[in-house]
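Okay, structure first, notes after.
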Amino acid sequence: MSSNESLANLLKEERRFAPPEELAAAANVTAEAYEQAAADRLEFWAAQADRLTWSTKPTETLDWSNPPFAKWFADGKLNVTYNCVDRHVEAGHGDRVALHFEGEPGDARTITYAQLKDEVSRAANALTELGVTAGDRVAIYLPMIPEAVIAMLACARIGAPHSVVFGGFSADALATRIGDADARVVITADGGYRRGKPSALKPAVDEALTKPGTEGVRSVLVVRRTGQETAWAEGRDVWWHDLVPRQSDQHTPQAFDAEHPLFILYTSGTTGKPKGILHTTGGYLTQASYTHHAVFDLKPETDVFWCTADIGWVTGHSYIVYGPLSNGATQVLYEGTPDSPHQGRWWEIIQKYGVTILYTAPTAIRTYMKWGEDIPAKFDLSSLRLLGSVGEPINPEAWVWYRKHIGADRTPIVDTWWQTETGAMMISPLPGLTTTKPGSAQTPLPGIAATVIDDEGNEVPNGSGGYLVLTEPWPSMLRTIWGDDQRYLDTYWSRFENRYFAGDGAKKDEDGDIWLLGRVDDVMLVSGHNISTTEVESALVSHPKVAEAAVVGASDPTTGQAIAAFVILRGSATEDENLVEELRTHVAKQLGPIAKPKRILPVAELPKTRSGKIMRRLLRDVAENRQLGDVTTLTDSTVMDLIQSKLPAAP
Ligand code: ATP
Ligand code: MG
């Protein structure tokens, strides 16, 4: 934010939803958790670490003697994969389904915990045969198939940190990440299915490995998924089906230090060049596991959990792999796109597997709003009992739509705020406890300390906005940016003393609940008022003709910045002069005249990252007639050409 004034607090949302009685009565977590954590935060986390199986129990909880470099449970030892797989089999749950895999072409595979243990053991033996030892980095560039989960667990089992790269990224993006992590092995596939067609992956690996910085890669392990023609480098490339199935299904997991590196993952690049976030073992697993248990109220015997994120995003790491599997959950893993072969594919999957908990992103919800509620209405979604959201602030209107058309006006919604850096959820309602407010993540989870402060670092009073900060270290916090401690310090710990700066704007409402207001970099300064992009976007989305909106501040000679809005209309709406005027008036009515957009441009698509986040910085480049910044994490770069071609030259 570029002025001393805190964020204006414009949006009023008065709807409230109490937790269903039945859920509240049997909830995994009750109000006691907040009390325990408030009484002794470290004691609380030590108790949560006890949910895991340690080969050496930690005696120390937090070592904060060299801030901001934290050590959690430092003298404890454990194996992450043992916790996610073996111990469930030992406890007699080997026959429980771990993964219901649904391929895009309609092929399906069911993998029990006992089978997962065998597969992961074979893959761990295979990596060992390729010479991978503890500490070596392994890059994983796979579609959403069971081998992606198996590969991650195999790496964790032998202490080789993985770096998962989105299957949709280019050879360049892949090369940078392989180089930055200095990986020894790349695990990939010939291709995967996307939008009804096989889409090649291996050529991007071949190309990436011709680039400088990737010389450390010795082997490429290739899963055959699509069967398409694939170039082959003799001596370097190995088929998964040649190497893995002939391995022993016995593998003894070795215990690693709690601070042993578990993975490196690059952020999605919404605000700039992606950062290689480092997560370690014991603290990460403790918080991923606890939050999954608490926020999703998971009952492993009866729930069917589905997180729609890609495995290449942190949500896939923490809430497909480590959280759910450490809790012995049964889950759905889906390879493809939501509209292949038809726009009801997700709802069909929920009906087929009886999904009880769905975790997805606002971008998907808004897309379904655009397609219309008659599509989910054709399917039986009555198995659902809980819905979750992550990735961006959810507009209140999208929240209400989600609850009504997916959750039958019955299921609670948990809006979970967290980041790649935080490793696991930080701010979220608890489904059996919190009376929810559409658009608000509300409360720091038990054991988490978060607040909103102003430019001077003072906590803002209820009813005001400012910067979201975390005021105490947490178990699953990033340990550093891989290979760049200085950037770690500069990015997160230099803006405010002793507090982690999240980079997000937020406000506290009259009850002290937290509302996320978008990136601080995106906050607009109009005639001396700081205005959040999120609030203007939510006002636009509350108009019945708008499905999705992205708002940026473009420099303006009179007002400093002027609000420019890009909107996607709902299915039946058509664009005309009157509509633009109607939308401007609507925003002014919702938020006040100061927030009225100067320009509104209906567009067919918005620029998004592969994890579905709107890249406002690119829209700002467009609105200000600048050359586009880093576009390497964009899903589809032609979207920008389309938008630019619609835009009249700026005055
Ligand atoms: P980069 O840091 O490279 O710009 P990124 O921040 O988009 O990338 P992620 O770590 O995937 O990468 O995203 C975390 C961000 O997503 C948060 O800082 C926040 O802005 C947003 N976010 C996630 N969940 C929520 C939520 N429930 N409500 C509001 N914002 C959210
Ligand atoms: Mg970020």
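The values are calculated or read from the model by the stated rules, or taken from the named source; none is laboratory data. This is a predicted model, so every value here is computed, not measured. Note that each Cβ is placed from the backbone with ideal geometry, even for glycine, and that neighbours are counted across all protein chains shown. Ligands, DNA and RNA are excluded from the accessible area calculation, which covers all protein heavy atoms including side chains. Shrake-Rupley method; radii C 1.70, N 1.55, O 1.52, S 1.80 Å.
Each principal axis of segment 44-106 carries a Cα extent, and these read 53, 30, 19 Å when sorted largest first. Entry note: segment 417-465 has Rg to Rh equal to 1.00, where both radii use alpha-carbon atoms and Rh is the Kirkwood radius. For segment 537-596, the spread of Cα positions along the three principal axes, ordered from largest to smallest, is 37, 20, 19 Å. Annotation: average projected area of segment 81-147 is 5.4 square nanometres, based on the convex hull of Cα atoms across all directions. When the inverse distances between all different Cα atoms of segment 287-410 are averaged and flipped, the Kirkwood radius reads 14.6 angstrom.
In this calculation the C-beta distance from Thr59 to Lys273 is compared with R0 = 45 Å, giving a FRET efficiency of 0.65. Summarising the label geometry, the points placed 7 Å from Cα in the beta-carbon direction at Asp455 and Asp630 lie 2.8 nm from one another. The fraction of accessible area contributed by carbon and sulfur in segment 336-397 is 53 percent, rounded to a whole number (1.4 Å probe; ligands and nucleic acids excluded). Straight-distance candidates among the aspartates and glutamates for linking to Lys202, with alpha-carbon spacing under 18 Å and chain neighbours fewer than 8 residues away dropped: Glu147, Asp172, Asp190, Glu215, Glu229, Glu234, Asp237, Asp242, Glu335. For segment 28-116, the set of chymotrypsin sites (Phe, Trp or Tyr not before Pro) satisfying both a DSSP loop assignment and a count of at most 16 other C-beta atoms within 10 Å is given as Trp64, Phe69. Using the Cβ-Cβ distance between Glu129 and Arg599 with R0 = 56 Å, the FRET efficiency computed as 1/(1 + (r/R0)^6) comes to roughly 0.40. Radius of gyration (Cα atoms) of the chain, expressed as a multiple of 2.2 N^0.38 Å: 0.92. Between the beta carbons of Ser494 and Ala200, assuming R0 = 45 Å, the FRET efficiency works out to 0.55 to the nearest 0.05.
Rounded, prolate or oblate: pick one for segment 60-189, where a ≥ b ≥ c are the square roots of the eigenvalues of its C-alpha gyration tensor, a/c under 1.5 means rounded, and failing that, prolate if a/b is larger than b/c, else oblate. Since a/c reaches 1.5 but b/c is at least a/b, the shape of segment 60-189 is classed as oblate. By definition, a body whose alpha carbon gyration tensor gives a ≥ b ≥ c is oblate when a/c is 1.5 or more and a/b is not larger than b/c, and segment 489-565 fits this oblate description.
Extension gain for Ala255-Ala39 works out to 74.6 nm (0.36 nm per residue, less the C-alpha to C-alpha distance).
Three principal axis extents of segment 1-101 based on alpha-carbon atoms, in descending order, are 55, 45, 34 Å. For helix 113-129, what angle does its Cα long axis make with the longest principal axis of the chain, in degrees from 0 to 90 and rounded to 10? Between helix and principal axis, roughly 70 degrees. Counting only DSSP H runs of at least 4 residues, each contributing -39500 (n - 2.57), and dividing by the residue count of the chain, the helix-based mean residue ellipticity at 222 nm comes to -7000 deg cm²/dmol.
Among Lys211/Lys608; Lys77/Lys613; Lys12/Lys608; Lys508/Lys596; Lys437/Lys589, which pairs are too far apart, with a Cα-Cα distance over 25 Å? Pairs exceeding the cut-off: Lys211/Lys608; Lys77/Lys613; Lys12/Lys608. For segment 524-651, taking the reciprocal of the average inverse distance between every pair of different Cα atoms yields a Kirkwood hydrodynamic radius of 14.8 Å. In degrees between 0 and 90, to the nearest 10, how far off the longest principal axis of the chain does helix 171-181 point, with axes built from Cα atoms? For 171-181 against the chain, the angle is about 60 degrees. Taking the Cα atoms only, what angle lies between the long axis of helix 282-295 and the longest principal axis of the chain, rounded to 10 degrees? The helix 282-295 is inclined about 60 degrees to the chain. Checking every one of the chymotrypsin sites (Phe, Trp or Tyr not before Pro) in segment 464-508 against DSSP loop status and a limit of 16 other Cβ atoms within 10 Å picks out Phe496. This model, with +1 at the C-beta of Lys and Arg and -1 at the C-beta of Asp and Glu, gives the chain a dipole about its Cα centre of some 860 debye.
With a ≥ b ≥ c the root eigenvalues of the C-alpha gyration tensor of segment 190-288, is it rounded (a/c under 1.5), prolate (a/b larger than b/c) or oblate?
Note, shape of segment 190-288 comes out oblate.
Sparse packing (at most 14 other Cβ atoms within 10 Å of the Cβ) combined with a DSSP loop state is found for the following trypsin sites (Lys or Arg not before Pro) in segment 373-448: Lys378, Arg410. Ignoring the sites themselves, the chain has its longest run without GluC sites (Glu not before Pro) in a DSSP loop having at most 16 other Cβ atoms within 10 Å at 61-214. Could you please state how large a percent of the accessible area of segment 551-649 is carbon and sulfur, counting protein chains only and using a 1.4 Å probe? It is 50 percent, rounded to a whole number.
Ranking Leu333, Thr280, Ile349 by how far each Cα lies toward the positive end of the dipole of segment 276-349 (charges on Cβ) leaves Thr280 at the top.
The share of accessible area on segment 124-188 that comes from carbon and sulfur is 46 percent, using a 1.4 angstrom probe. Each of Asn66, His260, Gly191 was scored by the projection of its Cα onto the charge dipole of the chain, and the greatest displacement toward the positive side belongs to Gly191; charges sit on the C-beta of Lys, Arg, Asp and Glu.
With a 1.4 Å probe and every protein chain left in place, work out the accessible area per residue of segment 333-402 in Å², rounded to a whole number.
28 Å²
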